[in-house]
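Here's the structure, in structure tokens; my notes come after.
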Amino acid sequence: MTPILAIIVAAAAKVGAPLVKAIVEKHAGPLAGTLAGSVIDQVASKVGVPAEELAHADPEVVESAVRSIEAETPEMIALWQAGLSGQFALLQAEQKEGFWQSAWRWGWMYLLAFLWVCAFLLFPILRAFGFFIEPIDPAQLLTLTGWFISLYMGGHTVKELGKQAVDAVKTWRGAR
């Protein structure tokens, strides 16, 4: 158990916060994106320090934050459950579409990964051993990657970049 987890568990045990204690105590592995990570981030936020500095915070302030988070824990669990339900619903919807309708995503991911490895690792090594292989233009690879990212994210990335570009031009023209 990391020192941060131990501090939160000890504070939860001391102030009588069984939900916080149960969530954090049973955690194993990386914290990012987990319910225990959310609890720790909330405690750190209430204490007013980054999570990494909780060990140096005043124990009474940490205990007060844990007591406060204990009251909010049912809502956090409900939000966590709603997020998991949304992920599961998305998975089911993608499975209903069939294999080929969703295969383009992972197919492009693996194709792009392969092309990046070829461009910056495999082809230069082969050229060093005397094989003539035409290099992949990094600009073309970046363009393909950009297209995939914009399609994969539903076009919102392109719309946001476009909006920012228009705002930048408007700001630039207004400054003249």
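Filtered by the rule that a residue be surrounded by 15 or more Cβ atoms within 10 Å (Cβ to Cβ) and aliphatic (A, V, I, L, M), the range 30-41 gives Leu31, Leu35, Ala36, Val39, Ile40.
Residues being assigned to a helix (DSSP H, G or I), surrounded by 15 or more Cβ atoms within 10 Å (Cβ to Cβ), at pLDDT 80 or above and out of contact with any Lys or Arg (no Cβ under 9 Å at 6 or more places or on another chain): count how many of those fall in the range 42-61. Even if it seems obvious, please write down each step before you answer.
Going residue by residue through the range 42-61, those that are assigned to a helix (DSSP H, G or I) are 42-47, 51-56, 59-61.
With surrounded by 15 or more Cβ atoms within 10 Å (Cβ to Cβ) added as a condition, the list becomes 42-44, 46-47, 51, 54, 61.
Okay, now just the ones that are also at pLDDT 80 or above, so 42-44, 46-47, 61.
Those left that are additionally out of contact with any Lys or Arg (no Cβ under 9 Å at 6 or more places or on another chain): 42-44, 46-47.
Counting residues in the range 42-61 that are assigned to a helix (DSSP H, G or I), surrounded by 15 or more Cβ atoms within 10 Å (Cβ to Cβ), at pLDDT 80 or above and out of contact with any Lys or Arg (no Cβ under 9 Å at 6 or more places or on another chain) gives 5.
Taken together, the criteria exclude Gly130 from residues that are surrounded by fewer than 11 Cβ atoms within 10 Å (Cβ to Cβ), modelled with pLDDT under 90 and not in a helix (DSSP H, G or I).
The values are calculated or read from the model by the stated rules, or taken from the named source; none is laboratory data. Computed from a predicted model, the values in this text were never measured in an experiment. Backbone-built Cβ (ideal geometry, glycine too); neighbour counts: all protein chains shown.
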